[in-house]
Amino acid sequence: KADKSGVTRFFEPAMDTRFRKRHVLQQELRLAIARNEFVLHYQPIAKIDGSIVGFEALVRWHHPERGIVQPSEFIPLAEETGLVAPIGEWVLREACREAASWDKPLQIAVNASAVQLKHGNFAALVESVVQRSGLSARRLEIEITEGVLLTDSAVALRNLHQLKEIGVNIAMDDFGTGYSSLSYLQSFPFDKIKIDRSFVANLPGNAQSAAIVRAVIGLGHGLNLPIIAEGVETHKQLAFLAREGCDEIQGYLIGRPEAIESYRMLTGKSQKR
Ligand code: C2E
Ligand code: CA
Ligand code: CA
Ligand code: CA
């Protein structure tokens, strides 16, 4: 748009700052990748009886000045810019290397973004990372959100089938928050359904949430898929989920995401070389 001076300005001042902030963050993200500033925290996953069956790896950015930055503050931009691919590759390598060093053969869940799933060689990358780490592919679970599958689903589908062939499990993350959950369940080879935290949060008091969670558990079992509830914070939520036959739980009630050293009692001694 042209102002009085005849200079063409494309951005309102507010938009301009936002744009610059994004630009700075993007530059910082590139540097962070080069400098290896990411760390993984691990959150335990339990069977409904409380026994630990695995961990989900969750990335954090250890920023030189700002300290620990949560994924919600950089994953969206990383996805837009494609930087989530190198970050995700590091996450995968680090999580597999870590899990391979445990005494106990627990599961390790890793989040994958749409951007990664759309790369034709994603499954091949996972295969080579798993092989090099020495982890059994059966211990690895890749979590994807349904949004992943909206575009370029042919490539994503091929990747998912290839992952299954090598023995990797696939979980549908944040179930119920997207638009086409049900048709995805029919088209894609999932091994597990994770009920989104937003439905668990209002249990057991909220009748709507209770009905939805009950229905999702029924749906999963009808399809022979185990159901995991995320964001379980209270004993009352756990009691409801147990009563309804939910298979696994994850949430602050069991444990928060922490550096793996905090969970050595569960993983067994690290055999890191
Ligand atoms: P998500 O995959 O749904 O991960 C679960 C999020 O819920 C985590 O947030 C976890 O800390 C939080 N959470 C777990 N239990 C509870 C609870 O009881 N109460 C509450 N209030 N929150 C709980 P986090 O670590 O901030 O991660 C946010 C999102 O960032 C993840 O959601 C995931 O979508 C994304 N993300 C994290 N790590 C990665 C990664 O390595 N790659 C990709 N592509 N995305 C990642
Ligand atoms: Ca997840
Ligand atoms: Ca989730
Ligand atoms: Ca989520």
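The values are calculated or read from the model by the stated rules, or taken from the named source; none is laboratory data. Predicted model only: the values in this text are computed from it and were never measured. No Cβ is skipped: glycine too gets one built from the backbone with ideal geometry, and neighbour counts run over all protein chains shown. These accessible areas exclude ligands, DNA and RNA; they are computed on the full protein's heavy atoms, side chains included. Shrake-Rupley method; radii C 1.70, N 1.55, O 1.52, S 1.80 Å.
Among the residues of segment 76-114, those identified as assigned to a loop (DSSP other than H, G, I, E, B) and either in contact with a strand residue (DSSP E or B) (Cβ under 8 Å, 6 or more places away or on another chain) or farther than 14 Å from G54 by Cα (or both) are G82, L83, L106, A112, S113.
The residues of segment 82-98 that are touching a residue at least 40 places away in the same chain (Cβ under 8 Å) and open to solvent by less than 70 Å² (accessible area, probe 1.4 Å), listed by number, are L83, P86, I87, E89, W90, V91, E94, A95, C96, E98. With respect to the conditions (1) within 8 Å of ligand 1 (Cβ to nearest atom); (2) modelled with pLDDT of 95 or more; (3) open to solvent by 10 Å² or more (accessible area, probe 1.4 Å), E79 lacks only one, and its number is (2). Residue count for segment 115-163, restricted to those that are in contact (Cβ under 8 Å) with a residue 24 or more places away in the chain, part of a loop (DSSP other than H, G, I, E, B) and loosely packed, with under 14 Cβ neighbours inside 10 Å: 4. Only one entry in G251, G245 is modelled with pLDDT of 95 or more, within 16 Å of ligand 4 (Cβ to nearest atom) and small (G, A, S), namely G251. Of the residues screened, S72 is one that is on the phi < 0 side of the Ramachandran plot, of a type in the set (S, T, Y), open to solvent by 20 Å² or more (accessible area, probe 1.4 Å) and under 18 Å from the mean Cα position of the chain (by Cα). The helices (runs of 4 or more DSSP H) located wholly in segment 180-273 include none with 2 or more residues which are closer than 30 Å to W102 by Cβ and of a type in the set (S, T, N, Q). Of everything listed in (1) at pLDDT below 95; (2) surrounded by fewer than 20 Cβ atoms within 10 Å (Cβ to Cβ), the single unmet condition for Q107 is (1).
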